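Read the structure below first, then the notes.
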Amino acid sequence: MNLLTSAARIFDLSLGQMLWSRRSVFLGLVVGGPIVLAVALRLAEASGLMFAPNRPRPAGAMIYGMMIWLLYVRFLVPVLGVFYGTSLIADEVDDKTITYLFTRPIQRTAVIIGKYLAYLVCTVLLLLPSVVIVFFLVVPLGRGATIARMFPTLLTDLGMLALGLAAYGAVFAFVGARLKRPLVVGLIFALGCEPAVLIAPGYLKRATVAYYLQTLVRHEMPQNSPGAALLQIFNEVPPLSTSLIGLAVIVGLGLWLAGRTVESREYVLEQ
Amino acid sequence: MTTRTRYFVITSLLVLTVGLGTGLLAYYVGVPGGFLVDRDGPEELQYVPRDAALLAYADVREIMTSDVREKIRRAMPVHGDGQAQFQEQTGINIESDIDHVVASLQPLADGTTAGLVVARGRFSDVKIEALMREHGAQVEDYNGKRLIENHEIPQQVGDTLALTFLEPGLVAVGSGWGVRAAIDLQKSGENVTKNTELMDLMRSLDRGNAWTIGRLDLLRTGWRLPPQVANQLPPITWFSISSRVDSSISGTVRADTRDEEAANNLRDVVRGFLALAKLQTGSRPELQTLVQSLELGGTGKTVALSFSVPGAVFDAFGANRESAEKPPAH
């Protein structure tokens, strides 16, 4: 079997496993959080509880932009990448089922590629519908519905989030294939190191996914926190072409390293 | 793939398809009913005072990326980079940082007018504040907002130049009075959307991506024109200009006069000008298309003049300019 056919087989097998794992149920609830928040905002507006009469209502487009930055770009995309990406190989090792995959007449790289594609489809199908629903609920809030005007932004957001998932997934696929406790390392990197590096001066930020991803976000970054102020001072946004190339390199390099690791590493199953 | 996986994939794709389809429909066609279309104008109107005498809107991003703008730039290159100068002064790049702007003029009791521009886009408040401070501005807290105000501006302006961030990505620039009023409007809610006459006029416009509505009789009081000149001007109350800038520029100029007689007089004057323009442009083919597109209309107290300038007109201008600049062959 060639690499692509093998990867397609692994993809088919892994997609169902990923979607119906306990992890997906938990992450489904996390992804549903923004929808619940959006519904609450709509109800608050409709009932007049939250927005006092004779006061300007907050612009829906602004709230949507903040949700994209704070919930999706800064939290959900890295978390989905960490949880699913690190588990591509680590779960098989923990469940001691990796032997069944590696004893099949397929290349080991096909295993990681097939699982990575399943991760991408699974996370995209979880996250993007959530963004679309939030968009339609939140953007018409306040004065003047602007769905028509904001539609190109929605398309950019969907593309940007899919690219973010692809990049984080590739990085954490490598981490999961290489390290023994990948989830802890992944969470420290995604929620600790990466945001810290972004607000620090220097070139280290160029080694992060968020550095390239932020160029693709067309919304204004929320500026009411000390972290955001620091981020603005040391803010260095690469051009669009650099960001796209950077993300493509991260995906390619991450997958290549993950494939190489899986091909060469001997996984010792604990008894 | 198991059945429930298939159901999940189908449901997920269905949500995406319906969402994107609806968005696409709203973007290209516009669906009536106020849910999908921008029926009541831009949301930044909440910062414009109720008694504004002039209200204008421009979708800067759409205009800046339009074909016709590129053609105009080629046909009439501007000497002196004003855009770069503006960026140096404020840290705002008009081409990439601004999405759209709403501008207004409000007549004040002392006969002057307070100007305000509210721009939506991507701005760095730290950078902008630092640049304005470099140019002598001072920062104060006004009703919970940081107001950056420059008092060192020419005397004839009559007021200070102020700037504040009303929301993330929303900056208000204008006279000190105008910007303070915009901040106050966040609490009072007495904004231009309560001005029924102006809002009705706005709703009646085919707005396009740039439009202006003004109350000429109110603006005139601020111009302090000599009575001899003021008496010669037609008695226009409201005027509006709506246009769409994409691969061509098309739009309508509309004026509402005090009575029908004034409207008829104005129509006669415009008709005369149109006839004169047709005569004058007989030998200028690049202008003929423009003049031929002018169409006079309107009934009762309304006079309307619609126009359409194809992009090719600017190409012709550019070609004429280039041939005029080319040194004669020896």
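Checking each residue in segment A:66-114 for being surrounded by 19 or more Cβ atoms within 10 Å (Cβ to Cβ), modelled with pLDDT under 85 and in contact with a helix residue (DSSP H, G or I) (Cβ under 8 Å, 6 or more places away or on another chain) picks out A:A90, A:E92, A:I98, A:L101, A:I106. Considering segment A:73-160, the qualifying helices (runs of 4 or more DSSP H), each wholly inside and each with 3 or more residues that are out of contact with any Lys or Arg (no Cβ under 7 Å at 6 or more places or on another chain) and either under 23 Å from A:I250 (Cα atoms) or among the charged types (D, E, K, R) (or both), run over A:77-85, A:87-94, A:108-138. Going by what's in this entry, would B:G174 be described as buried (at least 22 other Cβ atoms within 10 Å of the Cβ) and either small (G, A, S) or within 19 Å of B:L131 (Cβ to Cβ) (or both)? The answer is yes for B:G174.
The rows are residues; the columns are (1) under 30 Å from A:W69 (Cα atoms); (2) modelled with pLDDT under 85.
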{"residue": "B:I153", "(1), (2)": "no, yes"}
{"residue": "B:Q156", "(1), (2)": "no, yes"}
{"residue": "B:G176", "(1), (2)": "no, no"}
{"residue": "B:I183", "(1), (2)": "yes, no"}
{"residue": "B:V192", "(1), (2)": "no, no"}
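Only one entry of A:L253, A:L257, A:L244, A:L216 meets the criterion of being under 28 Å from B:R120 (Cα atoms), modelled with pLDDT of 85 or more and away from chain B (no Cβ under 14 Å), and that entry is A:L244. Could you please find all residues in segment B:56-95 being at pLDDT 70 or above and among the hydrophobic types (A, V, I, L, M, F, W, C)? The answer is B:A56, B:A58, B:V60, B:I63, B:M64, B:V68, B:I72, B:A75, B:M76, B:A84, B:I92, B:I94.
The values are calculated or read from the model by the stated rules, or taken from the named source; none is laboratory data. Note that the structure is predicted; figures quoted are calculated from it, not measured. Because the Cβ atoms are built from the backbone with ideal geometry, glycine has one as well, and the counts that use them run over all protein chains shown.
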